[in-house]
């Protein structure tokens, strides 16, 4: 059984770049639990609570029920469900899953393969992360599902082609140069000697969702603002002004200076006639990543 291919082709609702990471997050959650206790099954009531948190933190802005991936992942052949009455999922109705004592677990054949091949868990983890999330979120997601990323990082070194590594390095050089080695949001321009530090090329429409590796889909951002951009704390409006989510909270001076006071500020444009961010990429980020409503620009209250 080619488990890598089976996980790569998980059936998901898709359309027009809409994010639906419900099954991938459940798989990552299950792999994390397998890493800790290979034969322990997972009660729906526990999964419901934890997966709801994962979807809130790393899923799309819209709300959805953890019951759907818990039930539907079984049809992909990587997950099994049992109830107090026997094998098989009773359906995706929340009340029925709770009352039936539903429990889920990675499929027996997959558990056996993971036990036999110590590198498989890392390959599956890295595949799920690379396919559905930007690199800036990988460590946060792994920590949330209690997965050790050491094996996944080794798998990535083996599977990512030299061509992909070169293209990523070329894009970073192109983007940093176009923005004059300054964060487009805050102007940070740190360097050690001639080498920039803390600056990254951030995709607006994620590469995992057909986001182009080109200037019209990338910003030069400092490490902090890159992560906040990918988490939906920061965004852009059609005029390329910075949006700050009204769900973000921060009481200290750093949160005020580095996040809250960005609201309404114009993002830097690329220099020397470089391509600005395309409107369709801004629209994708606004619909699929940015959380809540944008704060209005103005004085920020302090405590």
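Read-outs: derived from the displayed coordinates by stated rules, not from any lab. Please read all numbers here as calculations on a predicted model, not as lab measurements. Cβ placement follows ideal geometry from the backbone for every residue including glycine, while neighbour counts extend to all protein chains displayed.
Quick rundown of the values:
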item: Which label in (i) 22.9; (ii) 19.0; (iii) 17.8 gives the computed mean projected area of the Cα convex hull in nm²; result: (iii)
item: Rel. contact order, % - alpha carbon contacts under 8 angstrom, at least six apart, the chain; result: 16 percent
item: Computed over region 3-159: relative contact order in percent, which uses C-alpha pairs under 8 Å that are six or more apart; result: 28 percent
item: Degrees between helix 162-178 axis and first principal axis of the chain (Cα, 0 to 90, nearest 10); result: 30 degrees
item: Acute angle (nearest 10 degrees) that the helix 150-159 long axis makes with the longest principal axis of the chain, alpha-carbon atoms; result: 70 degrees
item: Crossing angle, helix 279-288 versus the chain [Cα axis fit, 0-90 degrees, rounded to tens]; result: 40 degrees
item: Among 190, 95, 122: highest mean-square fluctuation, GNM of the chain, C-alpha pairs under 10 Å; result: 95
item: Net length gained if the chain between residue 117 and residue 197 were fully extended (0.36 nm per residue, minus Cα distance); result: 25.0 nm
item: Cα centroid separation - region 1-62 against region 225-256, whole Å; result: 27 Å
item: Spin-label model distance (nm) - residue 296 vs residue 94, 7 Å beyond Cα toward Cβ; result: 3.4 nm
item: Most mobile listed residue (194, 240, 265) in the chain, GNM with C-alpha springs under 10 Å; result: 194
item: Taking region 170-288 and dividing mean pair separation by its residue count, relative contact order in percent (alpha carbons under 8 Å, at least six apart); result: 29 percent
item: Packing-based ranking, highest mean first, of 220-230, 108-118, 275-285 given that Cβ atoms within 10 Å are counted; result: 220-230, 275-285, 108-118
item: GNM top mover of 45, 83, 93 - the chain, alpha-carbon springs below 10 Å; result: 93
